[in-house]
Amino acid sequence: MKAFEYAAPRSEQEALEFLSADRGRTEVLAGGTDLLGLMKKLIVTPDRVVSLRQVGSLHTIDADSQGLRVGAMVTLEELLDHPASAQYPAVQQAIRSISSQQLQSQGTLGGELCQRPRCWYFRDGHGLLAESGTAIAEGDNRYHAIFGNSGPAKFVCPSRLAPALIALGARVRVIGPNAEDETVMPLEHLFRTPKHDQQREHSLAPDQIVAQILLPPVGERGNASYEVRHGAGPEYPLVAAAATIVAIGGVVSEARIVLGQVAPTPWISAEAAASIISLPVNEETAGAAGDAAVSVATPLSHNEYKVQLVRVAVKRALLLAAGLETGGF
Amino acid sequence: MAVEYTWPPRDQTSVLGGSHNKVDGTAKCTGAAKYSYDINPDQMLLARALGCPHAHCKIKSIDTSAASKVKGVHLARALKKPGDEIRWQGDLVAVVVGETEGAVAEGLAAIKGDYELLEVFVNEEDLKAAEAAKRADKSGGKVQLQNEPEDENKDFENQEIERLFKEAAVVVEGYYGIRAITHMCLEPHGSTCDWRDGKLTAHLSTQNVSGTAGQFAGPLKITTDDITVHCDYIGGGFGSKFSADSWGTKCAELSKELNRPVKLMLDRDLELKNAGNRPSGFANVKIGADDQGVITIWDSHHWSTGGFGGGSVPQDVMPYVIVPPNFRRRVTNVKTNTAAARAWRAPNHPQGSAMSQTAIDDVAAKLGLDSYDVFLRNLVNVKDRGDVYAEEMKIAAKLIDWKAKWHPHGKGPAQGSIVTGLGMAIHTWGGGGVPSGCLIKIHPDGGVESFAASQDLGTGTRTVIAIVLAETFGLPVSAIKVNIGSSKLPASSPSGGSITVASVSESHRHGGLDALAQMKKLVAEKLKVEADSLVAKDGRIRDKSDPSKGLSWKEACSLLGMNALEVKGRGAPSPKSKLSSSGVAGVQMAEVAVDRETGVVKMKKFVAVQDMGLVVNRKTAESQIYGAMIMGIAGALFEERILDPKTGAFLNAEIADYRLPRLGDIGELVVEIYEPDSERARGVIGLGEPPVISPGAAISNAVCNALGVRVGVLPLTPKQVLDTLKARKA
């Protein structure tokens, strides 16, 4: 690890003052479960680390008729245990699936969304775009993207909560050095597919931070997450799907289906959602939604199996959201 | 009186064969136990090595000048010179020594390497590609046929094999394999070396306390008497830690040069890249069998890689345990740009088992027979201990409820997408001891100590020695103070090949009985009885038939006078020895559930029935088997070394990326030790390796039974299962 300055601000404003506008000069420390490893491997080499631990406003959960307002420094465990999170089984299931006491109690919501990709070429120092995507395309891409991978970015977004939160219509409050930088935007806008190595996979400027996540009330929506996991450990799932549905008179009137671990961003599957509209949710229609989801898949040389896994994850997430048996383990 | 070196009968033991906690269990659980990585002498400097980023290249230059200038760095040095060839990614090219981890990390980052890239080959599974790249050695092999040619028929072998296949009731052809895995020792390889006043103390993480000191002598230009290798506890070796290794001797040289203690442990990725891997193995197998599934002809060609220079899985484990009278086997060694393989728990047996006992199960599948019956009938083709296998199969089948759960391959009931299946495999191992020494001291105040340059791999060497001596002297286990872990003690065996328990049991029982004979003599003189009439039991040396006639152990020891009684133990395992023996069987049966839609395999129940001669400590013996089963599940369902096909980079050389099972992946484990009088009479036999051999084949067979489709290559990951199912459909 390179030597660095450590800043421990006590307010949002103070935190922002410590951050540099130059990419890579400063890094934000939340729970540290990802940043420390990246720094030890010299993948990121900040001159200054800005800890948000003592910024009190980032640690609160407020629940009211507008929904849930969760500070970026709230730990996954705190969110899971909060009474208001019971209306969002999709979120609870995603947190429980992380199945590591350490990650749940140390990891934060903001950090979970802003963690860096697990791509082994990135983690081995070949850059986020793995030297313009060739290393991944010609190499071992078994865990890489099967959607949105035509450019150099072929890694997958590692966040396990983003699919559920985006499916639920979460927004994110982002703050920056100037008052006018503050913005509230749909969570999916936090993620982007970088086109060149100067871009990161988040739309945040280097001196911006995620402050809160705003979750609308769940209302009539059934919601669920389903991860296909290789083993019971804290390893990242092979694929994941989150679904929210509104069913009136037994047929679906609204649906949102978001996939995880399959694209450089959380992947909103309009195809899957469209296919289930005006239909009841059952094994057959949910399966068809899975088929629709993968109709635009473009697997790489070693990850075609993920196409099948997406089919299953979409089907099971929909069945689960409708309160039906999913099958599987 | 001639001492008879035997074990007491089962009904006359006091502690032998019981279930005992480890004597060092508390120290290990509380963190009081110091592993090599925990040794931090005052003034210690930290060293870390730099691995070459390329899998095959020639060094043009390694420039350490900038690294030397980093604040806190004492020394930065190239370990390779221009022109040297690097043959695997991660080979150590430089080392940096500094005051802090940060300084060393910055120093490493400042080293500039310039390399001329050479052609890389790592596609070990593709034999044709290996041949095209000139990375396949000439094949070797063996043919064994019952019939002999009647005349000078040069094509007899082919014709005879063809005839046998033609006459077979069933012919099965398949492709099987098992990918390379690493040792993944939780404590990486390395040492803390402390050079003081011309002498070296090396705190080395080693399976070989007795044999490594001399390896430091040459590089340090001293003799072995000035060297002590110390290792009280080791965080995993599995066959990869027998040598001081180049980084061990380098650490010692640096300590001498800088005149300060130096710690050099490998980083996790360098550990996986350099310090131990198990060769892969892939095989095309063709089997002919009669209509009952008894194999009549075996024909296989397997290939594997042990790295650039290492050997492959040898021919003699194909076929494994079940060897029909007629067979032809061929092996090809493939050279890849990977580090040399090292012995991995039961070297070559897990691969042999995974490549052949799967094929045998496919015979059962093709004939629609019960796998149990086919394995049982094929015991006619097992050279040793066929009766033991049969008995162990019976016990295992009962424990897993085989009969009730069995269904023909692929014909079981499905619950939605979930299907279940049963599979089994059998294995063998040696586990005999080697000549080892020890010193036993009995003090006039009753204290008992033992000394041997053995080591505890975590499995309970100290406890085994304490039990052996406690039984011998009629004392509680806690009364024996066991000293191991220093090369200054009497030489003992390394811990590999399951030889430790037989070795230390021989030496300590031998020495213990000799010491006891002397103690009995003293007591006999005092009590004016025959020494032969005495026994050591319940803390006394007393008359065999009249317990009131005797002395307490302490009183007896007071007869020694001023000095302790010192007796050397010399265990020499031999076929004549009644204390130890070699050769075990073992049967394992697995029950799995498979999700046909996702390819996810889950362990439901896993049964191991294992013989090991005479059991010294039941609890640690069972623990060994549990551990082996879990390690076997890892290799069957999770672990594999993943290399970039083009650059040869080791992609998952981190704990976060190298998949291993967790408790939730293990299912129910059932261990049954098979120790009838006939086995117990054979004496002590090592146990470390055998139970890790069968899991791959047993689990693969269970998955095949569930799916009705053979997923030929381990590990059975969701990708592997789904890719196989898809290929099958196509």
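The values are calculated or read from the model by the stated rules, or taken from the named source; none is laboratory data. Here the structure is a predicted model, which means the values were calculated and not measured. Every residue, glycine as well, gets a Cβ built from its backbone with ideal geometry; the counts of neighbours run over all protein chains shown. Keep in mind that these areas ignore ligands, DNA and RNA; they rest on the heavy atoms of the full protein, side chains included. Shrake-Rupley method; radii C 1.70, N 1.55, O 1.52, S 1.80 Å.
Legend: calculated FRET efficiency, B:Glu167 to A:Gln102, from the Cβ-Cβ distance at R0 = 60 Å, rounded to 0.05, equals 0.45. Considering the range B:330-406, its Cα convex hull presents a mean projected area of 7.7 nm².
Add -39500 (n - 2.57) for each DSSP H run of 4 or more in chain B, then divide by its residues: what number comes out at 222 nm, to the nearest 500 deg cm²/dmol?
Here the helix-only value at 222 nm equals -8500 deg cm²/dmol.
Taking the chain by itself as reference, the range A:313-329 contains these residues with an accessible-area loss of 40 Å² or more in the full protein complex (1.4 Å probe, heavy atoms): A:Arg316, A:Phe329.
Here the dipole of the range A:47-182 is about 260 debye; that uses its Cα centre as origin and unit charges on the Cβ of Lys and Arg (positive) and Asp and Glu (negative). Peptide packing for B:438-444, B:218-224 was compared via the average number of neighbouring C-beta atoms within 10 Å per residue; ordered from the highest value, the list is B:438-444, B:218-224. Stretching A:Ser278 away from A:Asp81 to a fully extended chain increases their span by 67.4 nm, per 0.36 nm per residue minus the current alpha-carbon distance.
As a calculated quantity, the FRET efficiency between B:Gln518 and B:Ala681 at R0 = 30 Å, using C-beta atoms, amounts to about 0.60.
Other protein chain C-beta atoms within 10 Å of residue C-beta, averaged over B:411-417: 2. The residues packed around A:Lys315, meaning those with a beta-carbon under 15 Å from its beta-carbon, carry a net charge of -4 if Lys and Arg are +1 and Asp and Glu are -1. Across all Cα atoms of the range A:46-195, the radius of gyration (one decimal) and Dmax (whole number) stand at 17.0, 51 Å. With Cα atoms as the point set, the radius of gyration and Dmax of the range B:574-730 evaluate to 18.5, 60 Å. Surface exposure of the protein assembly as shown, expressed per residue as accessible area with a 1.4 Å probe, stands at 38 Å². The residues packed around B:Val70, meaning those with a beta-carbon under 14 Å from its beta-carbon, carry a net charge of +2 if Lys and Arg are +1 and Asp and Glu are -1. A helix-only calculation puts chain A at -7000 deg cm²/dmol for mean residue ellipticity at 222 nm, using -39500 (n - 2.57) for each DSSP H run of at least four residues, averaged over all residues. The residue list A:Leu128, A:Ile95, A:Val28 was ranked by how far each Cα lies along the charge dipole of the range A:1-152 toward its positive end, using unit charges on Cβ atoms, and A:Leu128 comes out on top. All distinct Cα pairs of chain A go into the 1/r average, and the inverse of that average, the Kirkwood radius, is 20.0 Å. Here the protein assembly as shown is assigned +1 on the Cβ of each Lys and Arg and -1 on the Cβ of each Asp and Glu. Its dipole about the Cα centre then comes out at about 1300 debye.
Kirkwood analysis of chain B, using all unique Cα-Cα pairs, places the hydrodynamic radius at 27.7 Å.
Of the GluC sites (Glu not before Pro) in the range B:130-210, the ones in a loop by DSSP (not H, G, I, E or B) with at most 10 other beta carbons within 10 Å are B:Glu150, B:Glu152. Shielding by partners for peptide B:102-109, expressed as the average number of C-beta atoms from other protein chains within 10 Å of each residue's C-beta, is 3.
Of the two radii for the range B:1-80, the radius of gyration is 1.35 times the Kirkwood radius, both from the alpha carbons; that is the Rg over Rh value. A viscosity of 0.890 mPa s and a temperature of 25 °C, combined with the Kirkwood radius over C-alpha pairs in the Stokes-Einstein formula, give the range A:1-106 a diffusion coefficient of 160 µm²/s.
Hydrophobic, long helices, defined as DSSP H runs whose alpha-carbon span along the helix axis is 18 Å or greater and whose mean Kyte-Doolittle value is at least -1.0, occur in chain A at A:305-321. Near B:Gln315: Cβ cut-off under 15 Å, other residues only, Lys/Arg at +1 and Asp/Glu at -1. The net charge is +2.
Assuming R0 = 51 Å, what is the FRET efficiency of B:Ala491 and B:Asp11, from their Cβ-Cβ distance, to the nearest 0.05? That gives a FRET efficiency of 0.90.
Stokes-Einstein diffusion coefficient for the range A:140-187 at 25 °C in a medium of 0.890 mPa s, Rh from the Kirkwood formula over Cα pairs: what value in µm²/s? It diffuses with D of about 185 µm²/s by this estimate. The orientation-averaged projected area of the convex hull spanned by the Cα atoms of the protein assembly as shown comes to 48.5 nm². Relative to its residue count, the range B:561-606 spans a Cα convex hull of 219 Å³ per residue.
The ellipsoid that matches the Cα gyration tensor of the range B:468-556 has semi-axes, each √(5λ) in whole angstrom, of 30, 12, 12, with the longest given first.
Considering all C-alpha pairs of the range B:323-457, those separated by over 18 Å amount to 72%.
The alpha-carbon atoms of the range A:183-329, seen along their principal axes, cover 48, 39, 30 angstrom, with the largest extent given first.
Taking the charge dipole of the range B:202-343 about its Cα centre, with +1 at Lys and Arg Cβ atoms and -1 at Asp and Glu Cβ atoms, the residue from B:Gly281, B:Ser205, B:Phe242 reaching farthest to the positive side is B:Gly281.
For a label point 7 angstrom out from the Cα of B:Arg662 toward its Cβ, which stretches of the range B:168-200 have the backbone nitrogen within less than 19 Å? Label zone hits: B:186. Under the classification rounded if a/c is under 1.5, otherwise prolate if a/b is larger than b/c and oblate if not, where does the range B:124-228 fall, given a ≥ b ≥ c as square roots of the Cα gyration tensor eigenvalues? Here the range B:124-228 falls in the prolate category. For the protein assembly as shown, the residue among B:Leu551, B:Ala466, A:His196 whose Cα projects farthest onto the positive side of the dipole built from Cβ charges is B:Leu551. Shown for the protein assembly as shown: the carbon plus sulfur share of the solvent-accessible area, taken with all protein chains present and a 1.4 angstrom probe, equals 50%.
Would you mind classifying the range B:280-329 by shape? Square roots of the alpha carbon gyration tensor eigenvalues, ordered a ≥ b ≥ c; an a/c under 1.5 is rounded, otherwise it is prolate if a/b is larger than b/c and oblate if not. In terms of gyration-tensor shape, prolate.
Taking a straight Cα-Cα cut-off under 17 Å and skipping sequence neighbours fewer than 8 places away in the same chain, the aspartates and glutamates within cross-link reach of A:Lys2 are A:Glu27, A:Asp34, A:Asp47, A:Asp124, B:Glu99, B:Glu101, B:Glu106, B:Asp267. Of the cross-linked pairs A:Lys154/B:Lys71; A:Lys41/B:Lys69; B:Lys394/B:Lys481; B:Lys481/B:Lys605; B:Lys142/B:Lys335; B:Lys128/B:Lys726, which ones have a Cα-Cα span greater than 30 Å in the structure shown? Table pairs above 30 Å Cα-Cα are A:Lys154/B:Lys71; B:Lys394/B:Lys481; B:Lys481/B:Lys605. Figure legend: label point modelled 7 angstrom from the Cα of B:Lys526 along Cα→Cβ; residues of the range B:560-588 with amide N under 13 Å from it are B:560-562.
In terms of Cα atoms, the Rg and Dmax of the range B:583-661 work out to 16.9, 51 Å.
Here the range B:623-702 and the range B:450-515 have alpha carbon centers that stand 27 Å from each other.
Reducing the range A:141-214 and the range B:214-235 to their Cα centroids gives an inter-centroid distance of 54 Å. Rounded to the nearest 20, the size of the Cβ-charge dipole of chain B about its Cα centre is 1020 debye, with Lys and Arg at +1 and Asp and Glu at -1. Between B:Glu449 and B:Ala340, the simple label model (points 7 Å from Cα in the Cβ direction) yields a spacing of 3.9 nm. Dimensions of the range A:150-227 along the principal axes, based on C-alpha atoms and rounded to the nearest Å, stand at 41, 37, 15, largest first.
Contact residues in the range B:616-644 by the 50 Å² criterion (accessible area, 1.4 Å probe, full protein complex versus chain alone): B:Ile642.
Mean partner shielding of peptide B:651-661, defined as the number of other chain Cβ atoms within 10 Å of each residue Cβ, is 4. For the range B:545-676, give the share of DSSP beta bridges that are antiparallel, in percent and rounded to the nearest 5; count only bridges with both residues there. Beta bridges within the range B:545-676, antiparallel portion: roughly 55 percent. Restriction of the chymotrypsin sites (Phe, Trp or Tyr not before Pro) in the range B:223-271 to DSSP coil positions whose beta-carbon has at most 16 other beta-carbons within 10 angstrom yields no sites. With 30 Å² as the minimum drop in accessible area between chain alone and full protein complex (1.4 Å probe), the qualifying residues in the range A:13-48 are A:Lys41, A:Leu42.
When accessible surface is computed with a 1.4 Å probe, chains B and A are found to bury approximately 3100 Å² between them, both chains counted.
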